[in-house]
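Engineer: The structure that follows is given in the form of C-alpha cells.
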Number of protein chains: 2
Amino acid sequence: MAQQHLDPTDPTAGAVTGDALAGYLRAQATEFLRALRLHRETGGQAAGAEEPVDAARALRRSARRISASLHTFRPLLDPDWSEAMRPELAWVSGTLGLEHAYEARLERLLLALHRLSGAVVLPAPAVDVPVAAGSRAAGAARAGTAAVGGTGGPAGATVTPERGNLTVGAAKAGALLERQLTLARTRAHSTALQALGSSRFHAVADRVAVLASEVPLTPAAPTTALHPLAAAAEERLTDAVTALPLVTAGHPYNAEALVHGLSPDPVPHPQDSPWHQVRLLLRLHRYAREVLHAGDAPLDARLLTAGKALNRHRDASEAAAAAAQAARTPRITPATAYALGVLHADQRHEVEAARFAFQQAWQKQTVPAP
Amino acid sequence: MAQQHLDPTDPTAGAVTGDALAGYLRAQATEFLRALRLHRETGGQAAGAEEPVDAARALRRSARRISASLHTFRPLLDPDWSEAMRPELAWVSGTLGLEHAYEARLERLLLALHRLSGAVVLPAPAVDVPVAAGSRAAGAARAGTAAVGGTGGPAGATVTPERGNLTVGAAKAGALLERQLTLARTRAHSTALQALGSSRFHAVADRVAVLASEVPLTPAAPTTALHPLAAAAEERLTDAVTALPLVTAGHPYNAEALVHGLSPDPVPHPQDSPWHQVRLLLRLHRYAREVLHAGDAPLDARLLTAGKALNRHRDASEAAAAAAQAARTPRITPATAYALGVLHADQRHEVEAARFAFQQAWQKQTVPAP
C-alpha cells in the first residue's frame, strides 16, 4: 500500500535524503515569514480586505507543514529544538484558524437552515456576512474581518443566506446561532490579534527566521533516506483507516451517525474521533509526500477526495454540536428548539454522508501518478 | 416492460379470461365472509387475542383485492354494481386499518427515539404496548386491542421500548407521542367497532355474500382475455415509476427528503405523493398478477422488495408528520421540541433511505419466475 504511493520504481525516490527535508523546511519557513510580513503590512486595517485573509491562511499553511515535517521526520532533526518548536507552531495555526472556523460553521448552519426551509439562497459577496442587526459583537467581528482574515473565501464564492424568508422557528434558530457563533468568532478574533502581538509569537517568528537559513539536522541526516519515515507515516494512516467502520460507512443510510443524537452526553460524539484522527494522519501523509517530491508532489485525486470528505466530516460534526449546544440556551421557544433539533439531525446525516464519501474514495484503486 | 412480467411466452397466458376473474372474485368474497364470521365469533372479547387480529387483517386483505380487481378489470364487470361496490370496500379496509396504522406509527417513533438515545431495546410480547400510566385512553385502547385487532403482529415479533432509559427530552417526546397516538388509536378503534355494527357494513357484507356465488360479469367477459387489462395496469405502474426522481433517489445522501423539513406548510410533504401513488399502483399490479395466475402468482422478488420499500416510505413519511404535529402541541418544553425535531429529521431520512431502497430494487433486472 505504502509502496504504491511512494513509487519505489522511481529511481530518484531512494535518493531523497535529509537534504531534501532541509530544503523543504527552509522553503516553508521563508513562506511563513513572507506571509507574516504581508500580514503586518496590511493587518489590523479594513482596507485591502483580500490580502490579510491570504496572509493568515498562508501563515497557518506553512506552520502546519513545518510542524508535520518535524513530526514525521523527527529522527533526522535535533530533538530538543524539534520538541520545543512543534507545540508553538500548533498554537499559532490553532489560534489563527479559530476565527475562520466559527465563521465557516455559522455559514454552514445558516445554509442548512435555508435548505431545510425550502428557501432560495442567492450567491452574494463573501464580505457581506449576515449579522444580527444592532449587535455590537457582530459589528466588531465584521470590522475585524479584514484584520486577521476571517472571510470564507474569494468574493462570490460564498453565499449569503438572508433570514427574511425563513419560517419562525428556523429564523429564531438562525438568529440564535448567529449571535452565539458571532460572539465566539469575535473572541477568537481578539485572541488571534493578541497572540500575533505577544512575545510568545515573536519568539516563534524568530525561530522560524533562523530555520529559513539553518535547519538543525542531525549529523547523519543529510545522507539518510527519507523514504522509510514517509512510509511509516503512510502506514500509520492505512492502519487507522483499517480500524474505521468502513463496511458500515459503505452502506448508505446506515443511520449510524445519529445513534447518539439524543443521548444525554452531548458533544463531541465519541464515534467521530477515529475519523478526525484519520483526517490528521492523511494530512501528515500528504505533507510527507510533498517533502519527498520537493514540494511538487504529483496530484493524487484519491487522497484529495478522501481528505475533502474528512474535512466535511469534521465541519458537519462541529456544526451539529453547535446546534445541539444552542438548543441548551435557556428560555428559547419550543419552535426554536425544534428547528435546532432538525438542524442537528441534518448535520449528523452530513457526517454520515461524509463517511460514505470517504469510503467510496478510499476503496478506489490508486491512480498511478502521471 | 409489461410484456416481460406477464410472460407472453406462457401458452396459457392468452387463455386467461373473465372466467378466471369470476373465480378469483368468488374466492376473495368467500375469504371475506370467512374472516367476518371468525371476527364475529371472537371479536369484542379480550379472550383469544390472536384470532381477531388475523380476522381483521383477512377482512382488509380480501376487501383490498376485490376492490383492486373491480378497478383493473372494470370493462368486464357490470358498471353500476362495480361503481357502487368500490367506495364501500375502500371504506371497510380504510376504517379497519386505521387502528393498526396508529399503533405501528407509535411503535416506529418510540423505537426511533430509543435508537437516537443510544438505548438498548429489548424484544417483548407484542400485546405489552407501552401506555401512559393511568391514561384512560391508553387503557381503553389496550382493552380494545383484542376486539378489532390492533396489535402489531405475532407475539415476540415486535419490540417494546421502555421509556425509563431515555433522556429527559426524548422521554417527554415519547410520552407526548404516546398520548396523542394512543388517543387517535382509541378513536380509530371505536370508529371501527361502530362501522362493523352499522347498517352500511351489513349492506357491504350482503353484497359480498352475493359475490361469493354470483359475479356480475358482462355478457362478453367469460371469453374476453384478461391480459390486456392487466398489462394496462402494469403500464400505469411503470409510467408512474418513470416519472419519479429516481436519478436523485439513486444518489445516497441527496438530502432531498428533508428539503422542506422546516417549511411553514407542514404535512403532508407534497414530494411524497408520487411515491405513495406508485405504492398503490404497484399493489394493483400485484393483485392483477394474482388474478391471472388464479391466486397462485409466482413470487417476484423485485416487486416484493420494491413494495416493501414503498411501505417503509409511507410509514416513515407519516411518522415524520406525526412528530412534526406533536411539536405543535402548546406548552411543551424546548427539550421536548428539540427531541421531536431530531425525530422528525430522522424519519425524513428514513423516507430518503426508502426511496434509495426502491431505486435499487427497481433497477434490478426482473428475475425470471421459476
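The values are calculated or read from the model by the stated rules, or taken from the named source; none is laboratory data. All of these numbers come straight from a predicted model, not from anything done at the bench. Virtual Cβ from ideal backbone geometry, glycine too; neighbours counted across all protein chains shown. Side chains are part of the model used for accessible areas, which takes the heavy atoms of the whole protein and leaves out ligands, DNA and RNA. Shrake-Rupley method; radii C 1.70, N 1.55, O 1.52, S 1.80 Å.
Engineer: Could you go through the range B:362-369 and let me know if any residue there is under 21 Å from A:Y253 (Cβ atoms), open to solvent by 30 Å² or more (accessible area, probe 1.4 Å) and within 14 Å of chain A (Cβ to nearest Cβ).
Structural biologist: No, that holds for no residue.
Engineer: Is the range B:153-174 home to any residue that is under 18 Å from B:A101 (Cβ atoms) and either modelled with pLDDT of 50 or more or among the basic types (K, R) (or both)?
Structural biologist: So far as the range B:153-174 goes, no, none of its residues is under 18 Å from B:A101 (Cβ atoms) and either modelled with pLDDT of 50 or more or among the basic types (K, R) (or both).
Engineer: If you go through the range B:25-44, how many residues are assigned to a helix (DSSP H, G or I) and either touching a Cys at 6+ places or on another chain (Cβ under 7 Å) or surrounded by fewer than 20 Cβ atoms within 10 Å (Cβ to Cβ) (or both)?
Structural biologist: 9
Engineer: OK, next. Do we have A:A354 as more than 7 Å from every other protein chain (Cβ to nearest Cβ), in contact (Cβ under 8 Å) with a residue 24 or more places away in the chain, part of a helix (DSSP H, G or I) and open to solvent by less than 10 Å² (accessible area, probe 1.4 Å) here? Steps first, answer last, please.
Structural biologist: Numbers: more than 7 Å from every other protein chain (Cβ to nearest Cβ): yes; in contact (Cβ under 8 Å) with a residue 24 or more places away in the chain: yes; part of a helix (DSSP H, G or I): yes; open to solvent by less than 10 Å² (accessible area, probe 1.4 Å): yes.
In short, yes.
Engineer: Continuing with the same structure: Only one of (1) more than 27 Å from B:N254 (Cβ to Cβ); (2) more than 8 Å from chain B (Cβ to nearest Cβ) fails for A:I332. Which number is that?
Structural biologist: (2)
Engineer: Can you tell me how many residues in the range A:238-250 are touching a Pro at 6+ places or on another chain (Cβ under 9 Å) and open to solvent by 80 Å² or more (accessible area, probe 1.4 Å)?
Structural biologist: Residues in the range A:238-250 being touching a Pro at 6+ places or on another chain (Cβ under 9 Å) and open to solvent by 80 Å² or more (accessible area, probe 1.4 Å): 1 in total.
Engineer: Can you pull out the residues in the range B:326-351 that are polar (S, T, N, Q) and open to solvent by 10 Å² or more (accessible area, probe 1.4 Å)? Steps first, answer last, please.
Structural biologist: The first filter runs over the range B:326-351 and keeps only residues polar (S, T, N, Q), leaving B:329, B:333, B:336, B:347.
Listed by number, the residues that qualify are B:T329, B:T333.
Engineer: Go through (1) assigned by TED's automatic domain parsing to the domain that holds B:D315; (2) of a type in the set (F, W, Y); (3) open to solvent by less than 20 Å² (accessible area, probe 1.4 Å) for B:F201 and report which single condition fails.
Structural biologist: With respect to (1) assigned by TED's automatic domain parsing to the domain that holds B:D315; (2) of a type in the set (F, W, Y); (3) open to solvent by less than 20 Å² (accessible area, probe 1.4 Å), B:F201 is out only on (1).
Engineer: Next question. Considering only the range A:71-122, how many residues are within 14 Å of chain B (Cβ to nearest Cβ) and assigned to a loop (DSSP other than H, G, I, E, B)?
Structural biologist: 5
Engineer: Quick one: how many residues across the range B:251-284 are modelled with pLDDT of 95 or more, of a type in the set (A, V, I, L, M) and open to solvent by less than 40 Å² (accessible area, probe 1.4 Å)?
Structural biologist: 4
Engineer: Please go through the range B:191-211 and pick out each residue that is free of Cβ contacts under 8 Å to residues at least 24 places away in the same chain and under 27 Å from B:A319 (Cα atoms).
Structural biologist: Initial filter on the range B:191-211 (free of Cβ contacts under 8 Å to residues at least 24 places away in the same chain): B:194, B:197-199, B:202, B:206, B:210.
B:Q194, the sole residue that qualifies.
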